[in-house]
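Working notes, beginning with the structure itself.
The values are calculated or read from the model by the stated rules, or taken from the named source; none is laboratory data. Please read these numbers as outputs of a predicted model, since none were measured by experiment. Note that we place each Cβ from the backbone using ideal geometry, even for glycine, and neighbour counts take in every protein chain shown. Accessible surface is based on the protein model in full, side chains and every heavy atom, while ligands, DNA and RNA are left aside. Shrake-Rupley method; radii C 1.70, N 1.55, O 1.52, S 1.80 Å.
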Amino acid sequence: MKNSISLTFLAIMLSLTTFMIRGNTFAYSNKVIIPIQDDVYQDYQTFIGNRDVLAVNEFSSKYTRRDVIDIIIAQQALYLGGFHAEFHLLPGKVNFRNIQLLQAGELLLSFDTYWHTDAKTIADKLYISEPVIRNGEYFAGIYTSPTNHKVLQLKSFSDFNTLTAVSTPKWRTDWQTLQDLSLKELLREDSWVSMARMTSLQWVDFMLMPFTSTTDQSYRLESIHLIPVPNTAILLKGSRHFAISKAHPQGKSAFTAINKGLKILRSSGTIVRAYTEAGFFIDADKYRIINQ
């Protein structure tokens, strides 16, 4: 019942026109509201600051990561493609509810890219953009607690037989990749922050995470501290795309625009450079890719 109420409340917010306070008066403004996961929103806002997101062309920062770059690329691509809406980012824990809102037309698009395997299952409800992260480009780190020496000393594929991991089957690519490792146990948890907390507390041995741009590629959030197995990565097979609602009245125009803009950003090298500067794209020749 609680989830149903939350979903209804968010849908109402997405359907309403936003009001802004200017001085002592209210101004009426049509905006496109996009829900963003709390921690991603915080990093994005810290990185962008008072700058115009459309003018950002340098992406190296301890606050940039795959999710943050997704948000920037989406807005730049839409603008370059001729879709000049004003976006209002709404922080909240809405990860898996977004897909329901997209299907219902209450959310225009997701600024977090989707695996193609996930998006294509409801392709009748969604427009799927051209690939943002192409097949063969997504390498994940094996993230664990800094004191979990068993994981940090991982040497070969067979070592996974003694390890536990956490993920969710809602992420088909991640889940299948972990199943293929023949783990001691694969636990399900649908909340990303809960996964990170479980790993930090060593309730599970590791989780898969995108690499970051921090010097040691570590991840910190409040009391959570995770680091990757050094010089080691796992290939996640497949491509990632932006998903746009077919039921939303602006869906078709946004889809056309984002594909046009992505082509421009791809040709200029901006997409690859952004994910590389954010630490997400790695030089695979310098890593041991453990599932290749």
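Structure values in brief
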quantity	calculated
Per residue convex hull volume, Cα atoms of the chain, in Å³	143 Å³
Given charges at beta-carbon only (K, R positive; D, E negative), |dipole| of segment 90-195 in Debye	180 debye
Packing rank of 268-280, 218-230, 51-63, 69-81, where each peptide gets the mean count of other beta carbons within 10 Å, highest leading	69-81, 268-280, 218-230, 51-63
Share, in percent, of DSSP beta bridges within the chain that are antiparallel, nearest 5	65 percent
Within segment 141-292, percent of DSSP bridges classed antiparallel, to nearest 5	55 percent
Accessible area expressed per residue, segment 143-292, with surrounding protein chains retained (probe 1.4 Å, Å²)	47 Å²
FRET efficiency, 1/(1 + (r/R0)^6) with R0 25 Å, evaluated for ASP190 and ILE224 via beta carbons	0.90
At 1.306 mPa s and 10 °C, Stokes D of segment 133-292 from Kirkwood alpha-carbon radius, µm² per second	93 µm²/s
Pairs beyond 20 Å (Cα-Cα), from LYS93/LYS260; LYS31/LYS252; LYS125/LYS170; LYS93/LYS184; LYS170/LYS260	LYS93/LYS260; LYS93/LYS184; LYS170/LYS260
Cα radius of gyration and Dmax for segment 40-141 (Å)	14.2, 39
Probe 1.4 Å, all protein chains present, accessible-area order of ILE33, ILE264, largest first	ILE264, ILE33
Carbon and sulfur %, accessible surface of the chain computed with the full protein complex present, 1.4 Å	51 percent
Estimated distance in nm for a label pair at GLN179 and ARG266, the labels positioned 7 Å out from Cα along Cα-to-Cβ	3.0 nm
